[in-house]
Each structure stands twice: as C-alpha cells, then as structure tokens.
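Scroll down for the structure; my scribbles are underneath it.
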Amino acid sequence: MKKFIVPSLVSIFFITLLACTNLSSAEPASVNTANQSIGNKDTIITKVIKAYGGEKLSSLRSFRIEDKNMETYPGQGFTPDYTDFWDTRSIIQLDLIDKRGDFETWGDQYGRILHFRGITTQDSAISIDYWNQTFENVSEFTFYQRHGGNIRFSDTLLAYELAKATNKSEYLGTVNYRGMPHHHIQLEMPESPPLSLYVGMQDFMIKRMHRILPTLEVFYLFDNHAQKNGISFAKDFRFFYDSDFILSTVKREIFVNKLTNDAFTAENAVKVAPEAFDNSEAIVNKLSDNAYHLGTENFSAFVDAGDHIIGIGGYGGLKDRFEAYQKEVSNNKPLRYQVVTHHHTDHMEGLSEAYALGATLVMSENIVDNVKDVVDGLSDERIITYENQDTFGPIELHEVSTSHSEFNTVTYIPEAKALFQADHYGGFLANGPSPATRSSYSLKQELDKLNLDIEKILSVHSGKVETWSDYASSMSQYDPNPCRLNRPICAN
Ligand SMILES: [Zn+2]
C-alpha cells in the first residue's frame with residue numbers, strides 16, 4: 001500500500017493550499033464504457049447541472065462553504081495505541097466571476113493551533129499564519145493552483161466546473177458503486193489530472209470523485225444531499241488518501257452569492273513574516289569534540305562513544321546523514337545504536353536504514369510495537385528499551401509526556417550541553433527564536449522538571465542550534481489564546 005506521510009502535523013488544508021497541482025494526467029480506473037454517444041453525454045451532464053440548480057448553478061457569482069470537520073493522519077496520533085481525530089474548521093470563499101479566492105482553516109491539534117488563510121486576487125496571492133500574525137507573498141500562482149483543492153472539496157463546485165467544461169467532459173458509461181449503477185463522468189479541470197465522478201442515476205447527485213496523482217489516489221465521497229437557495233450540496237463529505245481516512249465534515253453550510261465583508265482582505269495587524277532559517281543546503285553543527293548535529297531539511301545527531309557511534313533521531317534519509325557524518329569526522333566507526341524519538345511514522349522511516357547499517361534500536365518501552373510495525377524483520381536482540389530515564393554511554397535518555405506525543409525520548413548530550421528533541425521546537429527563524437506553540441511550551445515545562453544543564457536545543461526539522469536562553473525567553477512569552485485577532489472562524 002502506498003503511504004502518505006505528513007512530515008509534521010500540518011493541516012491537510014494547508015497542504016492543499018500550498019500544493020502545486022500541475023501534475024501529469026492519468027487515466028481513470030477502467031469501467032463499463034458501453035455508452036459514449038455525445039447526445040447521451042450532454043443529456044446526462046444537463047441533468048446533473050439541473051439537479052444542482054440549473055441556471056442558478058451556472059450563473060453563480062460567488063460561493064462560500066463553512067465546514068466543521070474531524071481530521072486525522074495515520075501514524076500521527078498522540079498516543080502510540082491509536083490515531084485519533086482533531087477538530088478543524090474551514091471557510092472557503094470563491095469569487096467565481098473575478099477569480100478571487102479566500103480560504104481560511106483553523107485546527108486544534110492536541111492543543112496546538114494551526115490557523116492559516118490564503119487569499120488570491122487577480123494580481124497577488126498571500127498566505128497568512130494567524131498564530132504568528134504574519135503573512136508571506138506567494139510568487140507563482142493561478143486561481144486553480146491555489147483553490148482547485150477547495151473546488152474539489154465541494155460537489156456543488158464540481159457540478160459548476162462540469163457546467164463550464166461540458167464540451168471537454170466525457171461520459172464513460174455506467175459503473176457499479178455500492179451495489180447500484182451510477183453514471184461515470186470524466187471532468188477536465190485546470191491544473192489537475194482528469195477527475196472521475198460517480199453520479200446517482202435517480203437524483204443525479206455526485207456521490208464520489210476519484211483523482212489519480214502520480215504517487216497516490218485521492219477519494220472524495222459526498223452524501224446526504226440537501227438544497228439551499230435552489231443550489232444542491234452534500235452535507236456529508238469524506239476524504240481519503242489511498243485507503244487512509246483523512247477528513248470528514250461534521251457540519252457543512254453553504255452560502256450562495258454571499259461573501260463575508262472581509263473576504264480577500266487581510267487585517268493591518270498581520271505583518272510580513274520574518275526571514276526564515278535556510279535548511280535547504282547541508283548543515284553540519286559540531287556541538288563538542290564528540291557530538292554532531294547535521295543534515296539537509298531534516299537532521300540527526302551523532303555521538304562518538306569510543307569504538308562506535310550512537311545516532312539520535314529516526315527520520316527518513318538517515319543513511320545519507322550518517323555517511324555525511326562519517327565523511328565530516330573522517331572515520332568508519334560503526335553505527336551501533338540508534339535512538340528513536342517517538343512513535344510518529346515519519347520519525348521511524350529512517351529506522352530500517354539504521355537497522356540495515358547494523359544498529360541496535362534504543363527506545364522507550366512504550367513504543368516497541370510501533371517500531372516493530374515499521375522495521376521489517378526486527379529481532380528482539382536488537383531492541384533496547386528503557387523506562388523513564390537512563391544513562392546510555394555518553395548520552396542520557398529522558399522520557400517526557402507532552403501535548404505532542406504521550407511518550408517522547410529527549411536525548412541529553414552532557415559533553416555538548418545539548419538536548420535533542422523531535423517535533424516540539426524548531427529554530428525556524430533566521431534571527432531570534434521561534435514563537436512559542438502549545439508543543440514547544442509543553443516541552444519546556446517537562447524539561448524544567450528534569451533540571452538538566454542545557455545550553456543548546458537541537459531539532460529534527462531545523463539545522464539551527466537554538467540557545468537555551470533564546471528558547472526559554474520565547475517560551476516565557478507563550479500566549480495560549482487559540483483565536484488570534486478574534487477571527488470569526490474560531491471566535492465562537
Ligand atoms: Zn511527531
């Protein structure tokens with residue numbers, strides 16, 4: 001099964017917003033193609049358009065969708081036992097005449113607030129990060145690159161696209177779906193592979209959309225259709241990557257030709273985002289005589305323990321980082337141990353690489369089953385577990401429970417006075433510390449209890465070695481307010 005891995009817990013909406021959809025076309029799954037006459041195609045598409053509102057649909061000027069959702073990512077839950085859901089909300093506003101878009105999402109992920117907004121007008125595009133009250137200009141964009149993902153989340157907007165692109169659409173006959181024949185229509189949409197629609201034969205409502213991307217298949221399910229102001233829409237929407245359930249609406253409302261007063265405008269309080277720390281090139285941080293932190297985009301630490309090396313952090317690409325380390329220090333000592341930070345699947349992708357290099361995996365006793373699930377053929381002799389805390393050669397292992405994950409191993413390297421952690425905190429700004437989040441603040445509370453002499457904070461997702469004083473000063477300014485600028489999406 002193809003696996004979709006979310007590098008850190010970022011809202012699916014924001015990924016949709018950032019994703020460039022300029023992808024190669026792909027054929028839809030094979031179906032009964034018995035009936036392909038043009039007349040039939042036009043008749044069926046006309047019935048779909050009529051079912052969604054007819055003239056009211058094709059003359060839509062604007063459309064607003066307000067959703068409350070449950071969202072999840074496989075392998076990214078708080079506890080190692082199961083993957084749970086978190087609440088997200090979104091407001092999509094599209095000006096269909098002037099091709100402007102405004103797309104806001106708010107999510108509460110185990111206390112960490114993800115609140116973003118993308119505004120696209122004919123000559124500019126910005127992305128707003130409300131938690132930090134900053135914005136960035138997006139240099140390359142089209143309406144469909146930025147908002148195609150929003151359109152695909154709505155059966156009404158798919159029907160609207162169908163009304164506009166009837167001549168480019170194809171009728172592929174009938175297809176059996178949930179024990180019933182459905183009309184099968186292929187819809188051409190800009191900046192996307194063709195979309196495959198299953199349409200009810202009685203009500204002409206879109207029940208399913210299927211999109212084949214180069215590395216995965218995406219399924220959109222629509223159900224429980226209703227009407228408002230003469231426009232039809234599915235009240236229930238569900239979204240899958242391959243076989244993985246990602247999102248379900250809890251409540252969907254639509255607004256026909258009715259945008260909010262502040263659509264397409266950002267508050268003056270939102271300032272230009274400060275310069276980001278550049279992680280795109282290889283970075284090597286020598287922390288002390290025997291300890292290094294290095295990588296490109298994602299980072300590991302390596303500690304020389306005399307006749308062998310201990311690696312810390314199991315993110316994918318570990319072999320490359322270990323080889324870069326060997327080259328840097330000009331030795332061939334074996335990677336004998338590899339410390340696992342936590343059970344999130346992206347942080348276990350490199351463990352098979354470490355195992356193949358001969359390493360024994362060192363982890364909290366609470367995540368052994370998760371590690372066994374991802375490392376093929378892992379033998380019990382090559383697992384070392386610890387409880388609460390342990391000194392392991394030149395390093396100390398501490399298990400902390402935070403808002404990010406129930407069991408995290410943070411590794412203290414006394415020689416370097418450095419602490420390695422995975423997802424709580426990254427030095428993402430070129431100058432000064434990153435603003436506090438629920439996760440970084442939660443880590444700080446746990447570290448304070450450990451009373452370690454920490455001078456440097458190391459991260460998996462940034463090559464910037466942050467000083468303890470910068471980190472601590474940022475955490476002292478933690479503001480838990482989950483609704484910045486009192487935005488309507490989260491105010492109530
Ligand atoms: Zn994580």
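Read the figures in this text as sums done on the coordinates, not as results from a lab. Fair warning: this is a prediction, and the values are worked out from it, not measured in the lab. Counting neighbours? That spans all protein chains shown, and the Cβs are built from the backbone with ideal geometry, glycine included.
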Study note, to complete from the structure: Residues whose built amide H sits under 5 Å from the amide H of Leu287, excluding neighbours closer than 5 in sequence, are Tyr292, His293
Practice item. Report the antiparallel proportion of the DSSP beta bridges in the chain as a percent, rounded to a multiple of 5. Key: 90 percent
Practice item. Kindly write out, for segment 66-71 in residue order, the coupling ³J(HN,Hα) from the Karplus curve 6.51 cos²θ - 1.76 cosθ + 1.60 (θ = phi - 60°), rounded to whole Hz, with x marking Gly and Pro. Key: 10, 10, 10, 10, 10, 9
Review point. What percent does the relative contact order of the chain come to when contacts are Cα pairs within less than 8 Å and at least six residues apart?
Key: 14 percent
Practice item. Report the label-to-label distance for Asp262 and Glu415 in nanometres (one decimal), using points 7 Å from each Cα along the Cα→Cβ vector. Key: 5.3 nm
**Study point:** GluC sites (Glu not before Pro) restricted to segment 119-176 and DSSP loop, no more than 14 other C-beta within 10 Å
**Key:** Glu140
Review point. What does the charge dipole of the chain about its Cα centre add up to, to the nearest 20 debye, if the Cβ of each Lys and Arg holds +1 and the Cβ of each Asp and Glu holds -1?
Key: 2200 debye
Revision key, fill the gap. Sorting Ser352, Thr411, Asn366 by the position of each Cα along the dipole of segment 283-476 (Lys, Arg +1; Asp, Glu -1; all at Cβ), the one nearest the positive end of that ordering is Thr411
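With a 10 Å Cβ neighbour count serving as the proxy for reagent exposure, in which order, fewest first, do Phe239, Phe264 appear?
Arranged by neighbour count, lowest to highest, Phe239, Phe264 become Phe264, Phe239.
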Revision key, fill the gap. Rounded to one decimal in nm, the spacing of the 7 Å Cα→Cβ label points at Thr467 and Thr142 is 4.9 nm
**Study point:** Positive dipole terminus of the chain, leading residue within Gln76, Tyr292, Met201 (C-beta point charges)
**Key:** Met201
Exercise for review: For segment 415-492 and segment 97-160, compute the distance between their C-alpha centroids and round to whole Å.
Suggested key: 27 Å
Revision key, fill the gap. Across 10 Å bins beginning at 0, the whole-percent shares of Cα-Cα pair distances in the chain come to 4, 18, 26, 22, 16, 10, 4, 0
**Study point:** 5 angstrom amide H check on Val138, placed H, neighbours 5+ away
**Key:** Ala125, Ile126, Ser127
Exercise for review: Amide H neighbours of Tyr177 under 5 Å, at least 5 residues apart or on other chains, H built in the peptide plane: list them.
Suggested key: His182
Revision key, fill the gap. HN-Hα couplings for segment 355-366 via Karplus (6.51, -1.76, 1.60; θ = phi - 60°), in whole Hz with x for Gly/Pro, come out as 4, 5, 7, x, 6, 8, 8, 10, 7, 4, 4, 7
Point to revise | 222 nm mean residue ellipticity, helices alone, for the chain (DSSP H n ≥ 4; -39,500 (n - 2.57); rounded to 500) | key: -5500 deg cm²/dmol
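Taking loop as defined by DSSP and a crowding limit of 12 other beta carbons within 10 Å, which trypsin sites (Lys or Arg not before Pro) in segment 112-217 fit?
Qualifying residues, ordered by number: Arg178.
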Exercise for review: Can you tell me the dipole magnitude for segment 12-272 around its Cα centre, using point charges on the Cβ only (Lys, Arg +1; Asp, Glu -1), in Debye to the nearest 20?
Suggested key: 800 debye
Check your understanding: Once phi is turned into θ = phi - 60°, what whole-Hz ³J(HN,Hα) does the Karplus curve with 6.51, -1.76 and 1.60 give for every residue of segment 177-194, x standing for Gly and Pro?
Key -> 9, 6, x, 10, x, 10, 6, 10, 10, 9, 10, 8, 10, x, 6, 8, x, x
Review point. Could you give the radius of gyration (one decimal) and Dmax (whole number) of the Cα atoms in segment 283-476, in Å?
Key: 15.3, 45
